[in-house]
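Report on one structure; see the data block that follows.
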Amino acid sequence: MILNLKNIKKNFGKTEVLKDVNIELNEGEILTILGASGSGKSTILNLIAGFEEPSSGSISLYGKTVSSRDVFEEPHERNIGFVFQNYALFPHLNVFKNIAFGISKKDINRKNAIVEKMMKLTGLEGLQKRFPHELSGGQQQRVALARTLATSPKLILFDEAFSNVDAILKSKIESELVSIINDSGLSAIFVTHDSKEALSISDKIAYIEKGRVSQFSTPSKIYNEPCSKSVGNFFGKANFIEKDGKTYCIRPEECVVKDDGKIKANIGHSLYLGERQEVELFFDYEDKEYKFTVFVDKNLDLNDKDSLNFDIIWENSIHME
Ligand code: ADP
Ligand code: MG
């Protein structure tokens, strides 16, 4: 295990920001931390990096305790890379020198090769002589990334690092990053708002609510078996229904519209999305009223219909605690 956070609490003054956080990360894994703004995501990264000390609990890195009641290892001793939201490049150094800055002494004779490799990796070729103010926001962010990668950390933390980069570049950088991480045995933690991004790039996801990890699991598990309504809603369209006294989360794709479907529903608002249509359905089930969002075929003509029939694939759903 590369990282282990055990029963972490963190108070700022009287405010309990983290109440009981437990996170485990194995070598080579990508973890994404998600949660509402102010839920404590950056605080978790700051504790891992050593910019903050936990109020109680312990953190170990590569099997060694780095934060606990008795131990505190300084950030520079932790071999962790950090890419912030507000990249702090050195304004008086050009791109080459910014990237070369953190290269350790043992690698210094390979400096040019490392910087060149990192510039290629992050799509910055030809820009080595530019100064930060001569770069776009996206380019600056890539320099920050290259500078961090050049220090050859074992674990890299990304705090909403790509929120200033446009969507196309963002997904390009991310897919490249994921392959860099996978190829090099690096481990990484991403903090993001973007649930789609989290589902596609992560091995594990931690969803933070009110200072606790409310769910820590794989993308498919968190999508298919959310532990609460808020987790269900966060990771896509979610419908909730009670059956035999238990609440189930039913994804739109688990509702199959067909003429002999057992549930008859009235059609509400519909949205044409190109590859499919998204339709609001109103119906009664076990004496309760529900509104579901379901997907229907893009060619189904809804104009002359008031109602339609569908079935829920219960087998795919596990009830929530
Ligand atoms: P997130 O990154 O999820 O948006 P943060 O970890 O930045 O959340 O912050 C969590 C809470 O802790 C917020 O209410 C924030 O105001 C508070 N907080 C964070 N850092 C400090 C600090 N250094 N001093 C006091 N309060 C802080
Ligand atoms: Mg934050």
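Structure data summary
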item: Rg/Rh for the stretch 177-321, where both radii come from Cα atoms and Rh is the Kirkwood radius; result: 1.05
item: Computed [θ] at 222 nm, deg cm²/dmol, the chain (DSSP H ≥ 4; -39,500 (n - 2.57); rounded to nearest 500); result: -7000 deg cm²/dmol
item: Set of aspartates and glutamates near Lys246 by C-alpha distance (under 20 Å), chain-local residues within fewer than 8 positions excluded; result: Glu225, Glu254, Asp284, Glu286, Asp287, Glu289, Asp311, Glu315, Glu321
item: Folded to 0 to 90 degrees: helix 111-121 orientation relative to the chain principal axis, Cα; result: 20 degrees
item: Calculated Rg and Dmax of the stretch 234-300 using C-alpha coordinates, Å; result: 12.2, 37
item: Listed pairs Lys229/Lys298; Lys9/Lys210; Lys120/Lys204; Lys97/Lys129; Lys172/Lys196 exceeding 19 Å between Cα atoms; result: Lys229/Lys298; Lys120/Lys204
item: Spatial extent of the chain: Rg and Dmax, with the Cα atoms as the point set, Å; result: 23.7, 75
item: Loop sites in the stretch 225-321: chymotrypsin sites (Phe, Trp or Tyr not before Pro), DSSP, at most 10 other Cβ within 10 Å; result: none
item: Rounded to 10°, Cα long-axis angle of helix 137-150 versus longest principal axis of the chain; result: 60 degrees
item: The stretch 200-266: relative contact order as a whole-number percent, Cα under 8 Å and 6+ apart; result: 18 percent
item: Using θ = phi - 60° and Karplus 6.51 cos²θ - 1.76 cosθ + 1.60, couplings along the stretch 20-37 (whole Hz; Gly, Pro as x); result: 5, 9, 10, 9, 10, 9, 8, 4, x, 8, 10, 10, 10, 9, 10, x, 5, 4
item: Dipole axis of the stretch 65-152 (+1 Lys, Arg; -1 Asp, Glu on Cβ), positive-most option in Leu145, Pro91, Ile108; result: Ile108
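Only the coordinates and a few stated rules stand behind these numbers; no lab work does. Given the structure is predicted, the values throughout are model-derived calculations rather than measurements. Neighbour counts run over all protein chains shown; Cβ positions are idealised from the backbone, glycine included.
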